[in-house]
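I have placed the structure first, in the form of structure tokens, so that the comments after it can refer back to it.
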Amino acid sequence: MDIISRITDLRLQHPFKIARRATDAYRQVISVEIEGGIGEAAPARFYGETVQTVRVALETIGPELPDDLDAIHDVMATVEATLGGNYAAKSAIDMALYDRLGKKLGVPLYQLWGLNPHKTPYTSFTIGLDEPEVMAAKTKQAEEAYPILKVKLGTPRDIEIIQALRNVTDKPIYVDANTAWTPKEAVRKIRELARYGVELIEQPTKPHDLAGLKFVREHSELPIIADESVKRASDIPMLAECVDGINIKLVKCGGLLEAHRMIHVARTHGLSIMIGCMIESSLGITAAAHLTPLVDYADLDGNLLIVNDPYTGVTLDKGKLILPECPGIGVTE
Ligand code: MG
């Protein structure tokens, strides 16, 4: 079966920086079409993928896809068995299959899954790393439109940054350290950050240091959310005692089917759930947004950070996610 793919350069409104990576001005995504269904992969080098590896994966899997594309569980089992890693590539295929099925049945994805579209959360809006005064200026710009801010930290000036932000906003703040802190440093900083009304901490320490995460959780009053430490459902049981919640991303886990699995496994372990994203167009963001009636926190702002979004789909009402009612993912080009 033919998988049609197209690479797009998404240009960023502001150069974007996080703790472990240099600033960059654009991100590449790859969109796919399978029998009228569309999906998108936003591959991350951190997880070993680029648009080129996604394209190779798509060429490999195309001829192997079964005829009955409606049976998504079966199709994705074939994809899983054939492709190994390649989670961003899998995510694009899975997204296109769900979009195709929704369009065929004439229902939006949330309805296909029996979800209440009014139960979507508010999304946070991300402030990338920069000089404290620049981050404060960006926060001031964003704070009227977005009720929750997510701030990237992981520098020697973390507390100074939060102080600068608190001078311009009293909105809830989530902090994402993107693995930058040692466990002891995390405990010390989180104690300070709590005094500035920070509500949760994402991935304070190294991805594989689960003992470190557990130490931070036991010595911190703020909820700890794992991101880089958790990719798929099978990672969740061993994390259950180490964190308060997990951040699910379609490109990490391999798509909507696995994301559903993760939601149920996480709930079984009493964990809270965030749905996050990469820098993506409204195609990838809207697909993820259809799952949000099932989660506690949404960080779906990747499409808001770019200036050349090829799609329109999910919209915001003062930060609350509003799902499109068109069949499938429901985006238009
Ligand atoms: Mg994160």
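Taking the stretch 236-252 as the range and being in a helix (DSSP H, G or I) and away from the ligand (no atom under 15 Å from the Cβ) as the test, the residues that pass are Ile236, Pro237, Met238.
Look at (1) assigned to a helix (DSSP H, G or I); (2) touching a strand residue (DSSP E or B) at 6+ places or on another chain (Cβ under 9 Å); (3) closer than 23 Å to Ile38 by Cα and you find that Arg267 fails only one, number (3).
Inspection of the stretch 161-175 identifies at least one residue that is out of contact with any helix residue (DSSP H, G or I) (no Cβ under 9 Å at 6 or more places or on another chain), farther than 30 Å from Tyr26 by Cα, in contact (Cβ under 8 Å) with a residue 24 or more places away in the chain and assigned by TED's automatic domain parsing to the domain that holds Leu222. Every condition in (1) touching a Gly at 6+ places or on another chain (Cβ under 9 Å); (2) among the charged types (D, E, K, R); (3) within 15 Å of the ligand (Cβ to nearest atom); (4) under 22 Å from Phe125 (Cα atoms) holds for Lys206 except the one numbered (4).
When the helices (runs of 4 or more DSSP H) confined to the stretch 9-114 are screened for residues that are charged (D, E, K, R), those reaching at least 2 such residues are found at 51-61, 72-83, 87-105. Within the set Ala226, Ala164, the sole residue that is within 16 Å of the ligand (Cβ to nearest atom) and of a type in the set (Gly, Ala, Ser) turns out to be Ala226.
Only a single criterion out of (1) modelled with pLDDT under 95; (2) touching a helix residue (DSSP H, G or I) at 6+ places or on another chain (Cβ under 7 Å); (3) at positive phi is not satisfied by Gly48, namely (2).
Could you tell me which residue of the stretch 284-304 is nearest to the ligand (Cβ to nearest atom), considering only residues that are in a loop (DSSP other than H, G, I, E, B) and not aliphatic (A, V, I, L, M)? The qualifying residue nearest to the ligand (Cβ to nearest atom) is Asp299.
Would it be correct to say that Ser281 is of a type in the set (S, T, N, Q) and either within 16 Å of the ligand (Cβ to nearest atom) or within 21 Å of His118 (Cα to Cα) (or both)? Step through it out loud before you land on a result.
On the way: of a type in the set (S, T, N, Q): yes; either within 16 Å of the ligand (Cβ to nearest atom) or within 21 Å of His118 (Cα to Cα) (or both): no.
No.
When the stretch 222-243 is limited to residues that are in contact with a Gly (Cβ under 9 Å, 6 or more places away or on another chain) and closer than 12 Å to His269 by Cα, the one that is surrounded by the most Cβ atoms within 10 Å (Cβ to Cβ) turns out to be Cys242.
Close contacts from the stretch 196-225, counting a first residue that is assigned by TED's automatic domain parsing to the domain that holds Ala186 and farther than 12 Å from Ala177 by Cβ and a second that is surrounded by 15 or more Cβ atoms within 10 Å (Cβ to Cβ) and among the aromatic types (Phe, Trp, Tyr), with Cβ to Cβ under 8 Å and a gap of 6+ residues or different chains, come to Glu199/Tyr174.
Checked against (1) surrounded by fewer than 23 Cβ atoms within 10 Å (Cβ to Cβ); (2) more than 16 Å from the ligand (Cβ to nearest atom), Gly255 passes all but condition (1).
The values are calculated or read from the model by the stated rules, or taken from the named source; none is laboratory data. Values in this document were obtained by computation on a predicted structure and should not be read as measured data. For neighbour counting, all protein chains shown are included, and Cβ atoms are generated from backbone atoms with ideal geometry for every residue, glycine included.
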